[in-house]
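Engineer: Here you go, one structure.
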Amino acid sequence: MKLTEEQLPESERPVWRKLQQLERREKQILWRLIQHSSKDHLCIVQNVTPAVNELEEQGLIQRNPAYQSRNGTSYYVLRRTPHLMKKLQTAAIRQEKAF
């Protein structure tokens, strides 16, 4: 499935453009977060790397202040773009089933 900007609501398109401009490593990290996130867009990161920090600085992920644990840090992934996140999660599920 090839996702295009036109398939998204106007309000989510700037985030889509930002995703396309990410460096390869940041895209890989974000894809892993999407793959492991819940339906509520939450994902636990055990080792916060500079790439994760960069995604947070860019507003693509947000730290979940309600989560307190020694096992990692909880992040909301693409929290403000529910349509985009749903399409990417669907693609991630399809990719997993293909393997």
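Engineer: Which count do you get for residues in the range 24-37 that are crowded, with 18+ Cβ neighbours inside 10 Å and either part of a loop (DSSP other than H, G, I, E, B) or small (G, A, S) (or both)?
Structural biologist: 1
Engineer: Looking only at the range 1-23, decide whether some residue is part of a helix (DSSP H, G or I) and in contact with a Phe, Trp or Tyr (Cβ under 6 Å, 6 or more places away or on another chain).
Structural biologist: Scanning the range 1-23 turns up at least one residue that is part of a helix (DSSP H, G or I) and in contact with a Phe, Trp or Tyr (Cβ under 6 Å, 6 or more places away or on another chain).
Engineer: Taking K87 as meeting all but one of (1) modelled with pLDDT of 95 or more; (2) under 17 Å from Q35 (Cα atoms); (3) not β-branched (V, I, T), write down the number of the exception.
Structural biologist: (1)
Engineer: Moving on to the next point. Out of the range 38-48, which residues are in contact with a helix residue (DSSP H, G or I) (Cβ under 9 Å, 6 or more places away or on another chain) and either part of a helix (DSSP H, G or I) or under 16 Å from N71 (Cβ atoms) (or both)?
Structural biologist: C43, V45, V48 - these are the residues of the range 38-48 that are in contact with a helix residue (DSSP H, G or I) (Cβ under 9 Å, 6 or more places away or on another chain) and either part of a helix (DSSP H, G or I) or under 16 Å from N71 (Cβ atoms) (or both).
Engineer: In addition: Can you tell which of Y75, Y67 is touching a Cys at 6+ places or on another chain (Cβ under 9 Å) and of a type in the set (F, W, Y)? Before you say what the answer is, go through the steps one by one.
Structural biologist: Working: Y67 fails: touching a Cys at 6+ places or on another chain (Cβ under 9 Å).
It is Y75.
Engineer: What do you reckon, is R80 outside any loop (DSSP other than H, G, I, E, B), surrounded by fewer than 16 Cβ atoms within 10 Å (Cβ to Cβ), charged (D, E, K, R) and in contact (Cβ under 8 Å) with a residue 24 or more places away in the chain?
Structural biologist: no
Engineer: Suppose we filter the range 4-21 for residues that are under 16 Å from I61 (Cα atoms) and of a type in the set (V, I, T); how many remain?
Structural biologist: Qualifying residue count for the region: 1.
Engineer: Under 8 Å by Cβ, and 6 or more places apart or on different chains, what pairs join a residue from the range 1-20 that is within 14 Å of L88 (Cβ to Cβ) with one that is assigned to a helix (DSSP H, G or I) and of a type in the set (V, I, T)?
Structural biologist: If the second residue must be assigned to a helix (DSSP H, G or I) and of a type in the set (V, I, T), the pairs left are M1/T90.
For every residue, the table says whether it meets (1) aliphatic (A, V, I, L, M); (2) under 14 Å from T81 (Cα atoms).
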| site | (1), (2) |
| --- | --- |
| Q21 | no, no |
| E26 | no, no |
| L33 | yes, no |
| D40 | no, yes |
| C43 | no, no |
| L60 | yes, yes |
| N64 | no, no |
| S69 | no, no |
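Engineer: Kindly establish whether V52 is outside any strand (DSSP E or B), in contact (Cβ under 8 Å) with a residue 60 or more places away in the chain and over 10 Å from the mean Cα position of the chain (by Cα).
Structural biologist: When the stated conditions are applied, V52 does not pass them.
The values are calculated or read from the model by the stated rules, or taken from the named source; none is laboratory data. Note that the structure is predicted; figures quoted are calculated from it, not measured. Backbone-built Cβ (ideal geometry, glycine too); neighbour counts: all protein chains shown.
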